[in-house]
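Read the structure below first, then the notes.
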Amino acid sequence: LAKTTQPISMDSYEGQEVNITCSHNNIATNDYITWYQQFPSQGPRFIIQGYKTKVTNEVASLFIPADRKSSTLSLPRVSLSDTAVYYCLVGRYNNNDMRFGAGTRLTVKP
Amino acid sequence: GAVVSQHPSWVICKSGTSVKIECRSLDFQATTMFWYRQFPKQSLMLMATSNEGSKATYEQGVEKDKFLINHASLTLSTLTVTSAHPEDSSFYICSARVGDNEQFFGPGTRLTVL
């Protein structure tokens, strides 16, 4: 499966929009992209998943360009409680290979 | 979404003892469960993939005789850390697969080996 690359850390302020980009240059045709959020001493929590174009749910948007070599998680109007580590995963349907990259540590400041 | 539980949430044990961690899918059946280990300030590392009714598939470098995995039913997988040592102290997280592409994670188990 495609290896993912994300920024190690990002800082933001309350109320701002945060965009975290993940590179996955070797993504295959039947691969999908999933983003998770993890707080300290907790299991990862599903945020959003997509295959191509744009996906939006109640907490985030996921932008995937036509070549699918990257994806961007967009968090609108972050709050202090959004401080966490965000992981981008590339998965394949009916494939059990679910490996995490290094993740992005987002710190939201007042 | 689907709920995955783990028990215990934390455990402290003496070096040389064995510890069993349970992972349950509460409102769905999971043919595949995953076990991860996470050290402080690091990402999750996949240890093994557990399939109901068959032997687990271990990642390279993970000792199968030390980390015993049993997936006896569609709602329960267990990880037993045998003869635990201080270097096994870590945060152990399980997850369960739903359908073709959804994965739900448990809350994790903090293991401290003295």
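Counts of other chain beta carbons within 10 angstrom of each beta carbon in peptide B:98-108 average 5.
Can you put B:M47, B:M33, A:M98, A:M10 in order, fewest other beta carbons within 10 Å first? Spell out each step's value before the answer.
Working: B:M47 24, B:M33 30, A:M98 21, A:M10 15.
Neighbour counts put them in this order, fewest first: A:M10, A:M98, B:M47, B:M33.
Placing one equal scatterer on every Cα of the protein assembly as shown and applying the Debye formula, the log10 ratio I(q)/I(0) at q = 0.08, 0.15 Å⁻¹ is -0.29, -0.99. For region B:5-110, the list of GluC sites (Glu not before Pro) that fall in a loop by DSSP and count at most 11 other C-beta atoms within 10 angstrom reads B:E63. Applying the criteria of a DSSP loop state and at most 16 other Cβ atoms within 10 Å to the trypsin sites (Lys or Arg not before Pro) of region A:7-72 yields A:K52, A:K69.
For the protein assembly as shown, what proportion of DSSP beta bridges, expressed in % and rounded to the nearest 5, is antiparallel?
On the way: 67 of 76 bridges.
For the protein assembly as shown, the DSSP antiparallel bridge percentage is about 90.
Once you average over the residues of B:42-49, how many Cβ atoms of partner chains fall within 10 Å of each Cβ? Intermediate values should be presented prior to the final figure.
Values: counts 3, 8, 12, 2, 5, 0, 0, 3.
Mean partner shielding for this stretch: 4.
Principal axis extents of the C-alpha atoms in region A:9-109 (largest first, rounded to whole Å): 38, 29, 23. The C-alpha radius of gyration of chain B, expressed as a fraction of 2.2 N^0.38 Å, stands at 0.99.
If you take all other residues with their beta carbon under 15 Å from the beta carbon of A:K3, and give Lys and Arg +1 and Asp and Glu -1, the sum is +2.
With point charges of +1 on the Cβ of Lys and Arg and -1 on the Cβ of Asp and Glu, referenced to the Cα centre of the protein assembly as shown, which listed residue (B:Q29, A:T4, A:Q42) lies farthest in the positive direction of the dipole? My answer, from the dipole projection, is A:T4.
Sort A:22-30, B:9-17 by packing, meaning the average of other beta carbons within 10 Å per residue, with the highest value first. Don't skip to the end; give the middle numbers.
Numbers: A:22-30: 15.7, B:9-17: 12.6.
Those peptides, ordered most packed to least, come out A:22-30, B:9-17.
A:I47: net charge of surrounding residues, Cβ under 11 Å, Lys/Arg +1, Asp/Glu -1, itself excluded? Result for the local shell: -1.
Peptide B:7-16 has a mean shielding of 0, counted as Cβ atoms of other protein chains within 10 Å of each residue's Cβ. Here the protein assembly as shown is treated with +1 on each Lys and Arg Cβ and -1 on each Asp and Glu Cβ, and its dipole about the Cα centre works out to around 220 debye. Counting only the backbone N, which residues of region A:23-55 are under 13 Å from the spot 7 Å out from the Cα of A:S74 toward its beta-carbon? Inside the label zone: A:53-55. Entry note, region A:9-109: relative contact order of 37 percent, from Cα contacts under 8 Å with a spacing of 6+ residues.
Just so you know, all these numbers are worked out from the coordinates, no wet-lab data involved. The structure presented is a predicted model; accordingly, all values stated were derived computationally and were not measured. Ideal geometry is used to build each Cβ from the backbone, glycine not excepted, and the neighbour counts take in all protein chains shown.
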